[in-house]
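The values are calculated or read from the model by the stated rules, or taken from the named source; none is laboratory data. A quick note: this is a predicted structure, and the numbers were derived from the prediction, not measured. Cβ sites come from the backbone with ideal geometry, for glycine too, and all protein chains shown count toward neighbours.
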Amino acid sequence: MVSKVVSELIDKCILEVRKEENMERINKNVIDPLIYHSLRKLSPYIIAIIGLFLGTFLLVVITLCFLICRDLGVLNKISFFKKK
């Protein structure tokens, strides 16, 4: 008997939540502020991770260019890199 009452109550709650006006209110008053606040708190970490990724990528490209130039002998022509 109790489970039937609870089941009906849950069904009625689901029907109320699925109404368009209630969905708009939930989105406007619950979901949007939650997402906004979360992204606002996480944005410095996201920026730091992107910066670290770009820095690592830049170092890999510079190293790759240096190795290619070394293998082609380009660096031997530059006086700064000549072996003594």
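On the given criteria, is V5 loosely packed, with under 10 Cβ neighbours inside 10 Å, among the aliphatic types (A, V, I, L, M) and assigned to a helix (DSSP H, G or I)? Explain how you work it out, then say what you get.
On the way: loosely packed, with under 10 Cβ neighbours inside 10 Å: yes; among the aliphatic types (A, V, I, L, M): yes; assigned to a helix (DSSP H, G or I): yes.
Yes.
Taken together, I10, I14, I68, I26 contain a single residue that is surrounded by fewer than 10 Cβ atoms within 10 Å (Cβ to Cβ) and at pLDDT below 95, which is I14.
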